[in-house]
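Read the structure below first, then the notes.
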Amino acid sequence: MSEFAVQQSVAAGLIRFYLSGFRGYPPSEAGENVFARGLQESCLSVQHVTATLKSFDERFPTLRELLDVANALRPQFEPKENLQEKWEREYGKPQPFDMSMEGKCQCCGRPWADIMANSSRVRNGEIKGGCCAGGE
């Protein structure tokens, strides 16, 4: 099994299809295969090969030109990274938010139920400060 995403025979067929009438086209199958191998090694998909070949007109490209165009188009054909997986690698698995009002505030140790019961008093200015000011 091949380690490349595009088979050499497919790349050669696409070269024949898109570039066969161009000036400087290789006169032999061995010449075609050199370019097909270059596409095979530098392209990520058949769509990538097609986009690379469609970039040329009238004159058959050199191998260097072909590889340069393929490498320039490469970012368009690379798989997009899953943002959720990236986030989980950086921050770990998401923890569900606990809405039960059980537990205590980490800064003052008061139960969440007491803090939330006084939250309207904090907003109205009856209690100065944040969650910790109401219990003292």
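No lab work stands behind these numbers, since they all come straight from the coordinates. Remember, predicted model here, so these are calculated numbers, not experimental data.
Whole-Å semi-axes of the range 1-117's equivalent ellipsoid, largest first, each the root of 5 times a Cα gyration tensor eigenvalue?
Equivalent ellipsoid semi-axes, largest first: 59, 13, 10 Å.
For the range 28-45, backbone phi angles converted through the Karplus equation (6.51, -1.76, 1.60; θ = phi - 60°) give residue-by-residue couplings of 10, 5, 4, x, 4, 5, 4, 6, 5, 5, x, 5, 4, 7, 10, 9, 9, 7 Hz, Gly and Pro being listed as x.
One equal scatterer on each Cα of the range 8-77, no solvent, Debye formula: the resulting log10 I(q)/I(0) at q = 0.20 Å⁻¹ is -0.71. Partner aspartates and glutamates whose Cα lies under 12 Å from the Cα of K93, excluding those fewer than 8 positions away in the same chain, are identified as E85.
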